[in-house]
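Reading through the structure tokens given below for one structure.
The values are calculated or read from the model by the stated rules, or taken from the named source; none is laboratory data. Everything numeric here is computed off the predicted structure, so don't read it as measured data. All Cβ positions, glycine included, derive from the backbone under ideal geometry; neighbour counts span all protein chains shown. In case anyone asks, the SASA skips ligands and DNA or RNA and just uses the protein heavy atoms, side chains included. Shrake-Rupley method; radii C 1.70, N 1.55, O 1.52, S 1.80 Å.
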4 protein chains.
Amino acid sequence: MSSSIPPTDQLAALRLEIDRFSEVRDWRQFHTPKNLSMAMSVEASELMEIFQWQVGNEDFASLSESKKEAVAHEVADVFIYLMRFCSVTGIDPLKAAQEKLKLNDAKYPAGVVKGKSDKYSDY
Amino acid sequence: MSSSIPPTDQLAALRLEIDRFSEVRDWRQFHTPKNLSMAMSVEASELMEIFQWQVGNEDFASLSESKKEAVAHEVADVFIYLMRFCSVTGIDPLKAAQEKLKLNDAKYPAGVVKGKSDKYSDY
Amino acid sequence: MSSSIPPTDQLAALRLEIDRFSEVRDWRQFHTPKNLSMAMSVEASELMEIFQWQVGNEDFASLSESKKEAVAHEVADVFIYLMRFCSVTGIDPLKAAQEKLKLNDAKYPAGVVKGKSDKYSDY
Amino acid sequence: MSSSIPPTDQLAALRLEIDRFSEVRDWRQFHTPKNLSMAMSVEASELMEIFQWQVGNEDFASLSESKKEAVAHEVADVFIYLMRFCSVTGIDPLKAAQEKLKLNDAKYPAGVVKGKSDKYSDY
């Protein structure tokens, strides 16, 4: 994306570009919500695979440049399918995330969960 | 997010809010890249689970309101962990997606793949 | 596995072979329950990826021979990591499956769920 | 499964029971290879979720009894869908695993990979 596009529109511009990418290839027919949810899950798994056999908690900074690049590519794939899923379903990802953060705030009160990682159903 | 925030900064504002949410709970210790990649994968799976037993290609619009809301919540969870992963690793998701789209454009030339869903390694 | 091994012991023999495969490579150190659960999830995703863009419900028989072989390999990978997970944790997979089937039988009474695919929490 | 069934047939008996469970509920219509691969992936993810926020390499033995039981249930779910997938596709899981172990043996020569966790494409 050219740097002449104001940051305002970067997320919207990305979504438009992803949609155009799919339409030009006539991929709408494959892009059902079900299939896109599978694609997102597959890409999230490919990201995870990179960390799969780590035993310690190696810092991201300590990864080789080629692994860092692989991580960025998988992050991009998840992001792209997530945005495409939102276009196909009409979900506003920013609004959905804001609402979910509010729910999470109620489910995980800071004073109660501080420094703990248990699932809310365990409190 | 208040509507007084210009759209410019909505993605940046969301990331800040997610980071603050985590820091206030002292969750940085659990938020290794490995663990966050797992969390993203788990949430993507929860999204997928909603579509798991569909046999036809039911339209998203035909889902019940409660299922649509569940879908929006899972989309939000994937988005939130994706943004958190980017904060922890220093990856710029917009830039990463732009670069990946360019690579995909070369891997899947529109003239060759139009209307086909094969993996690039099959061409 | 040689056909001289009675079917009795085929699952046990497979598990022994998987364990020996890992021990000879000194991989026990990487095979924590957490890491093995990730590996199982990654392999299940690779299996799923083969079906990802199907729109209709193509029959398995209609897949190309190379895709059928790829499916068998991914099924094998999930199975291998599942057995390895059981060895490392001491879980008896046959017993666990029997017990779960009993629970499922109670959760999904045949008379109630016949021909329906809803989750038990929806009944 | 009653202990009167010889161990010979335990895996076969389990598969029969799983198939009967599905047929009695008229679930064959939902059990396409695609949908079953999704179900397997969802269950593998639920297993993984239990270990998601572990930071150290907590031993399985140190988990609470209720977490150990949850682990066994998720292992069972993956196993059940794996066996069902095999019934629907006609894949022999024992044979597939044996063949894959042979391929892995060639891809990961014990002398080369001992104590290392790199992917074969990195050697």
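Annotation for segment C:43-77 versus segment B:95-118: alpha-carbon center distance of 23 Å.
Take every Cα-Cα pair in the protein assembly as shown and report what % of them are more than 37 Å apart. List each step's numbers first, then the result.
Working: 32926 of 120786 pairs.
Within the protein assembly as shown, distances greater than 37 Å cover 27 percent of Cα pairs.
Given B:34/D:119; A:95/C:116; A:34/D:116, which pairs have Cα atoms separated by over 28 Å? Checking Cα-Cα distances, A:95/C:116; A:34/D:116 exceed 28 Å. Position residue C:92: other-copy label points at 2.7, 5.6, 5.8 nm, ordered by increasing distance, label point 7 Å along Cα→C-beta. What segment D:67-123 shows is 45 Å² of accessible area per residue, with the surface traced by a 1.4 Å probe over protein heavy atoms.
Chain A residue nearest the axis that carries A onto C, by Cβ, with distance in whole Å, is A:45, 2. Nonpolar atom fraction for the protein assembly as shown, defined as the carbon and sulfur part of the 1.4 Å probe accessible area, stands at 52 percent. Am I reading the B/A interface right? What is its buried accessible area, both sides, 1.4 Å probe, to the nearest 100 Å²? Using a 1.4 Å probe on protein heavy atoms, the buried area is about 5900 Å². For residue A:103, inter-copy separations between label points set 7 Å beyond Cα along the Cβ vector come to 2.4, 3.3, 4.0 nm, shortest first.
In a shell of Cβ-Cβ distance under 14 Å around residue B:115, excluding residue B:115 itself, what net charge do Lys and Arg (+1) and Asp and Glu (-1) give? Result for the neighbourhood of residue B:115: +1. Here the dipole of chain D is about 500 debye; that uses its Cα centre as origin and unit charges on the Cβ of Lys and Arg (positive) and Asp and Glu (negative).
Classified by the C-alpha gyration tensor, segment A:1-89 has an oblate form. Its axis ratio a/c, with a ≥ b ≥ c, is 1.5 or above, and a/b does not exceed b/c.
Peptide packing: for A:103-115, B:26-38, the average count of neighbouring Cβ atoms within 10 Å per residue gives the ranking B:26-38, A:103-115, highest mean first. Distances from residue B:118 to itself in the other copies, using label points 7 Å out along the Cα-Cβ axis, amount to 3.2, 4.3, 5.4 nm in increasing order. Legend: calculated FRET efficiency, residue C:120 to residue B:65, from the Cβ-Cβ distance at R0 = 25 Å, rounded to 0.05, equals 0.75. Solvent-accessible surface of segment C:8-50, taken per residue with a 1.4 Å probe and all protein chains present: 33 Å². Shielding by partners for peptide D:63-70, expressed as the average number of C-beta atoms from other protein chains within 10 Å of each residue's C-beta, is 1.
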